[in-house]
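First up is the structure itself, then whatever we jot down about it.
The values are calculated or read from the model by the stated rules, or taken from the named source; none is laboratory data. On a predicted model such as this, the values are computed, not experimentally measured, just so you know. All Cβ positions, glycine included, derive from the backbone under ideal geometry; neighbour counts span all protein chains shown. Each accessible area value is taken on the protein alone, full model and side chains, heavy atoms only, with ligands, DNA and RNA left out. Shrake-Rupley method; radii C 1.70, N 1.55, O 1.52, S 1.80 Å.
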Amino acid sequence: NASARAATYRSPNNASSVLHQACRLVDLQDGAGNDNTSSKSVVAAIRSLIAQDPDAVGMEDSAGNLPLHYVLCPASHTITPRYRTRAEVLRSLISADFESSTDYFSKSNVIFHTQTGGVTALYHVLQTVVDDFANPGPTVEYVSVIQESNPRMVGVSNESDMDKPLALLYRRFTRQFDLSEKFFDGDNSRPEVVQHRRQYKMAARNTWKIIELLLQPDTSQHTRWHIVHRAIQVETPPDLLRYIVETNSEELTQADQTGNLPLHYAAKSTPTESKFPVFYTKYVVDELLYKFPEAAGMPDGEGKFPLALAVGSGKQWIGGGVKSLYDAHPEALKQIDLDAHASLKKVLSFADDQTADDEDTVRESDIPEGVVKDEHHDAIMMVQEDDVDILEVVSAMWAHEEDASVAA
């Protein structure tokens, strides 16, 4: 009884439970430094607290944090993180109160450090895990527990800086990969140099496993999956998308189990959040067409061409890649009822007239409402706006990477 009363204690100072405090100490080791024994003890202790005080799992302290929050940011930063222990503790907490846990992992404004602002829990974990030199890497298991609790968070931006998990991971991967090939002064066959390269190669490999983990669909429904197809569906950052496409180019020609090529997914894609950056879909469509233009003339599992899918999903003429798809396979227009898409009909009529006439004679008043007159000019003006979103600038620069005036 005394033990049960102690387990349900609430601090009058910060409203934290014993479970809150235990989660802060998840990385502690025993005095003998026996990591395996102390890990089991920590997990057992927290499971015991959950059993004696199950309400504490979904209870917030005065800072508004659940106990699992402190598993992600333990009390001490000087102790070596024990990611497998954290993973086991998180599993116990999530299974004890799935609703509260998933609600926490769905937020994009969680405060871990006041100087960095609000982020998603997934982003914070990816930002704070150390370079993982082990095989198999414990960081992969740790991240997987969080990912499984709310898979859609891979495409959600931080409220503070609009950065996303995959963008952070690709920066991490390229840093580790570069370090794995670093040249040092003197003999580069020295054991310490070889060891350095081997460690960072393993770290890069573990980071790539995490990227694949975040992109992987529900395996209960997909026994085999394609990384390019998935990268298109979750609004992957342009630099990472290009790397995935270039290293898996054979998938551009392969339909998945639903009969879709990557270009089909790009054409009918919808944003994870409120909207895509203006030129994001143009970049994706152009990237895929550059590698495999024939895809524009290939129907999906339901017999629809990419152009018809793009128009049906309400994409913009230029920024949404519709013009690129039309130029690649204009015959696909036969699948579209132009009378039901009056603006597209006007665009096509205007495009035909502009082709027939000298460009200098076209009056601005002739341009249909809502149509971008000059894509080059539009992108330049947008990136110079004082309040433009950084993601809009990035997508515009990638979509016009051969145009120096946009980057300038």
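Stretch ILE111-ARG47 to full length: gain in nm at 0.36 nm per residue minus the Cα-Cα span?
Going from the current span to full extension adds 20.4 nm.
Short version: ³J(HN,Hα) in whole Hz for each residue of the stretch 250-258, in order, from phi by Karplus 6.51 cos²θ - 1.76 cosθ + 1.60 (θ = phi - 60°), x for Gly and Pro, what are they?
4, 6, 4, 9, 9, 7, 7, 5, 9
Which entries in the list LYS291/LYS345; LYS209/LYS268; LYS209/LYS323; LYS40/LYS201; LYS107/LYS164 go over 24 Å, if you measure between the two C-alpha atoms of each?
Violating the 24 Å Cα-Cα cut-off are LYS291/LYS345; LYS209/LYS268; LYS209/LYS323; LYS40/LYS201.
Would you grab the residues whose amide H sits under 5 Å from the one on GLY118? Only those 5+ places off in sequence or on another chain, please, with H modelled 1.01 Å from N.
Here the answer is SER160, since their amide H atoms fall under 5 Å of that of GLY118.
Quick one: which of 142-154, 191-203 comes out on top by average Cβ neighbours within 10 Å, and what's the full order, highest first?
Highest mean packing first, the order is 142-154, 191-203.
Order the following by accessible area, largest value first: TRP208, TRP225. Probe radius 1.4 Å; ligands, DNA and RNA are ignored.
TRP225, TRP208
Calculate one ³J(HN,Hα) per residue across the stretch 280-297 by plugging θ = phi - 60° into the Karplus curve 6.51 cos²θ - 1.76 cosθ + 1.60, and present them in order as whole Hz with x for glycine and proline.
5, 5, 4, 4, 4, 4, 5, 5, 6, 5, 4, 7, 8, x, 4, 4, 5, x
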